[in-house]
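Asker: Submitted below is the structure of interest, expressed as structure tokens.
The values are calculated or read from the model by the stated rules, or taken from the named source; none is laboratory data. Please read all numbers here as calculations on a predicted model, not as lab measurements. A quick note on method: Cβ atoms are made from the backbone with ideal geometry, for glycine too, and the neighbour counts reach across all protein chains shown.
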Protein chains: 2
Amino acid sequence: MITVLAGGVGAARYLAGLVQVVDPAAVTAVVNTADDVWLHGLRVCPDLDTVTYTLAGAVDPDQGWGLAGETWSAMTALARYERRAPEGSPAGSTWFRLGDHDLATHLYRTARLAEGADLAEVTAEVSAAWDVRCRLVPMTTDVVSTRLTPADGSPELGFQEYFVRYRHAVAVSAVRFAGVEHARPAAGVLDAIATADRVVVAPSNPILSIAPIVAVPGIGEALAERRADVVAVSPIVAGAALRGPADRLLAELGHEPSVVGVARLYAPWVATLVIDDADAGRAGEVEAAGVRCVVGPTVMHGPAEAAALAALTLAGS
Amino acid sequence: MITVLAGGVGAARYLAGLVQVVDPAAVTAVVNTADDVWLHGLRVCPDLDTVTYTLAGAVDPDQGWGLAGETWSAMTALARYERRAPEGSPAGSTWFRLGDHDLATHLYRTARLAEGADLAEVTAEVSAAWDVRCRLVPMTTDVVSTRLTPADGSPELGFQEYFVRYRHAVAVSAVRFAGVEHARPAAGVLDAIATADRVVVAPSNPILSIAPIVAVPGIGEALAERRADVVAVSPIVAGAALRGPADRLLAELGHEPSVVGVARLYAPWVATLVIDDADAGRAGEVEAAGVRCVVGPTVMHGPAEAAALAALTLAGS
């Protein structure tokens, strides 16, 4: 049994590799929900959907998120209203682009939540509808929202405003996960961590994807209990994030944007860090942070590399 | 100033004719909202949208509702979830088909309502976005829901279940407008009735489109005050509804499915009924019901006939 802490695109690609080397039924992904967003009355769960669509083989391969062959009629039509919305109203906003096919997922999820289902149930139904054989579990069914404080003193931003609307081109001085102190792990999360043969931290953004999962009361403690069996893949290669703002955010929040910085951040609950060959020269510093270091190819150019990386993370388990 | 009580397709076509013969800025349409429905978390207002799209020249000309050139990607994608939804859950239902472009209207409206705007404000914004020059006002901003009791004793149906899901192929023993007793007319409705030179009852379903408007406390009374200036167009021609179940419903609820039945139903607050040439032989019976009868062509095959009908309803005003 393998449990994976997962954010979005990087985690989805890792999981797609993992299911090539182990029985998918043995895999549980605990997925970040702190970047969920309510748009036009709909509940949108970007990381869950990216993982689902990727494992279904339906993801847009170029973007790494969204659906292949997507159409954008609803967004095109929404622009008519965006132009006329009252000053300051986010209604009609099209900066977060929801594809027509993708909309169906949000319509279904929103309807089920309104009926009283919780996000874990809906997630199971959505992934079953896509014939995903891994178990996908949201980190919590409670509402947790990543909020970022711009370094220039302008008002706090929601995650998707930061990430999508401003394309993470905003220096940040603080990140918090609003609501996390009252959140409970979703049903199955603590068991999945406690009983896994190995817990893998996917190559996701340490600050925006992994930290909110670990911040849910009970999850960090459960990980620390299993520290010896927790292996992380560094999302930082040669001092840079493969995608997204992880490198900049690490630096802005006072961490070294390197495999060493990641090792120090994860050390309390991670025993092993897989770093890329490009960073082989820093393995000693990783180990000095108290984390065993495995060096290998970590960049997932395609399914073969993803499967090889998955095998590497499981080696010795 | 002309105020029109409006349902869906028939009213929309009448209004499109009316704005050819009077300044659109002089027209207020008070639109039925009792067939509004919440689908997948979105507020859908079929009659308001049909009127808006028609006046915008954007309506699907064959259906008479929805948008011309519509695409259906979201509904196609939703079918995946419908197949897997839990037994009895309406989530994922695709029987009420929302086109991709039309979805934008529901997304915008739902977002604005969630921000605290009322339906009258949102209706004004939506119609402005389509450059509609008439004033469109919902009958109320409160929630009123048409409910139909099947004659076979099966459970009460919501309007859209009856109308769309079962294609009105269900005999009905009772109709009620849930919530109407506590509803207030939307801002502007009573004034529009009180100050109009003429109030027109569009050729809409008397039971399902016009009755809920009249049932809003205050509206029926305001119409009765203006009875001498209220003219209705019969939606029944030669004993049959031009579209929809108005004829059957009238009969099922104990009214004669004819211009005479319509005249009797409207007599307390309508002074003049426009009936089709096909019903000229019944003009005497209409007048015997206490309603002045105007006979002429009422079937709107296209814009020219709609304009002529509008002119006929205004003649003598």
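Residue by residue, here is whether (1) touching a strand residue (DSSP E or B) at 6+ places or on another chain (Cβ under 7 Å); (2) under 23 Å from B:THR3 (Cα atoms) holds:
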site: B:ALA194; (1), (2): no, yes
site: B:PRO212; (1), (2): yes, yes
site: B:PRO217; (1), (2): no, yes
site: B:LEU223; (1), (2): yes, yes
site: B:PRO235; (1), (2): yes, yes
site: B:PRO245; (1), (2): no, no
site: B:ALA289; (1), (2): no, no
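Asker: OK, next. May I ask you to list pairs of residues, at least six apart or on different chains, whose Cβ atoms are under 6 Å apart, with the first in the stretch B:107-118 being under 19 Å from A:ALA77 (Cβ atoms) and at pLDDT 95 or above and the second being of a type in the set (Lys, Arg) and assigned to a helix (DSSP H, G or I)?
Answerer: If the second residue must be of a type in the set (Lys, Arg) and assigned to a helix (DSSP H, G or I), no pairs are left.
Asker: May I ask you to verify whether B:ASP35 is within 30 Å of A:GLU125 (Cβ to Cβ), of a type in the set (Asp, Glu) and either in contact (Cβ under 8 Å) with a residue 12 or more places away in the chain or in the same structural domain as B:ARG227 (by TED's automatic domain parsing) (or both)?
Answerer: Taking the combined requirement at face value, the residue satisfies it.
Asker: Moving to a separate point now. Working only within the stretch A:240-272, note down all residues that are part of a strand (DSSP E or B) and under 18 Å from the mean Cα position of the chain (by Cα).
Answerer: Within the stretch A:240-272, A:ALA240, A:ALA241 qualify.
Asker: Let me ask something else about it. So in the stretch A:148-201, with the set limited to residues that are in contact with a helix residue (DSSP H, G or I) (Cβ under 9 Å, 6 or more places away or on another chain) and polar (S, T, N, Q), which one is modelled with the highest pLDDT?
Answerer: So, considering only residues that are in contact with a helix residue (DSSP H, G or I) (Cβ under 9 Å, 6 or more places away or on another chain) and polar (S, T, N, Q), the one modelled with the highest pLDDT is A:SER173.
Asker: Please find, within the stretch B:54-81, the residue that is nearest to the other protein chains (Cβ to nearest Cβ) out of those that are on the phi > 0 side of the Ramachandran plot and either out of contact with any helix residue (DSSP H, G or I) (no Cβ under 8 Å at 6 or more places or on another chain) or surrounded by fewer than 16 Cβ atoms within 10 Å (Cβ to Cβ) (or both). Working first, answer last.
Answerer: Restricting attention to the stretch B:54-81, the residues satisfying the condition of being on the phi > 0 side of the Ramachandran plot are B:57, B:64, B:66, B:69.
From what is left, the residues that are either out of contact with any helix residue (DSSP H, G or I) (no Cβ under 8 Å at 6 or more places or on another chain) or surrounded by fewer than 16 Cβ atoms within 10 Å (Cβ to Cβ) (or both) are B:57, B:69.
Numbers: B:GLY57: 14, B:GLY69: 9 Å.
Step by step, filter the stretch B:54-81, then rank; the result is B:GLY69.
Asker: Here's another thing I want to ask about it. I'm checking my understanding of the structure. Among residues of the stretch A:171-223 that are among the charged types (D, E, K, R) and in contact (Cβ under 8 Å) with a residue 12 or more places away in the chain, which one is surrounded by the most Cβ atoms within 10 Å (Cβ to Cβ)?
Answerer: Out of the qualifying residues, it is A:ARG198.
Asker: A:ALA128 versus (1) at the interface with chain B (Cβ under 8 Å from one of its Cβ atoms); (2) at pLDDT 95 or above; (3) farther than 22 Å from A:ALA6 by Cβ: which is the lone unmet condition?
Answerer: Unmet for A:ALA128, out of (1) at the interface with chain B (Cβ under 8 Å from one of its Cβ atoms); (2) at pLDDT 95 or above; (3) farther than 22 Å from A:ALA6 by Cβ: (3).
Asker: Quick one: is A:LEU113 within 21 Å of the chain's Cα centre (by Cα), under 26 Å from A:ALA29 (Cα atoms), more than 7 Å from chain B (Cβ to nearest Cβ) and surrounded by 17 or more Cβ atoms within 10 Å (Cβ to Cβ)?
Answerer: Judged against the criteria, A:LEU113 is not a match.
Asker: Just checking, how many residues over the stretch A:31-50 are under 21 Å from B:ALA91 (Cα atoms) and in contact with a Pro (Cβ under 6 Å, 6 or more places away or on another chain)?
Answerer: 0
Asker: Applying the selection to the stretch B:178-202, what residues are over 15 Å from B:TRP269 (Cβ atoms) and assigned to a strand (DSSP E or B)?
Answerer: The one that is over 15 Å from B:TRP269 (Cβ atoms) and assigned to a strand (DSSP E or B): B:ALA178.
Asker: Search the stretch B:82-102 for residues that are under 18 Å from B:VAL164 (Cα atoms) and more than 7 Å from chain A (Cβ to nearest Cβ) and pair each with any residue that is among the aliphatic types (A, V, I, L, M) and surrounded by fewer than 17 Cβ atoms within 10 Å (Cβ to Cβ) when their beta-carbon atoms are under 9 Å apart and the residues are at least 6 apart or on different chains.
Answerer: B:THR94/B:ALA79; B:TRP95/B:VAL164; B:PHE96/B:VAL164; B:ARG97/B:VAL164
Asker: Residues that are more than 14 Å from the chain's Cα centre (by Cα): find the helices (runs of 4 or more DSSP H) completely inside the stretch B:1-100 holding 2 or more of those.
Answerer: B:9-21, B:73-82
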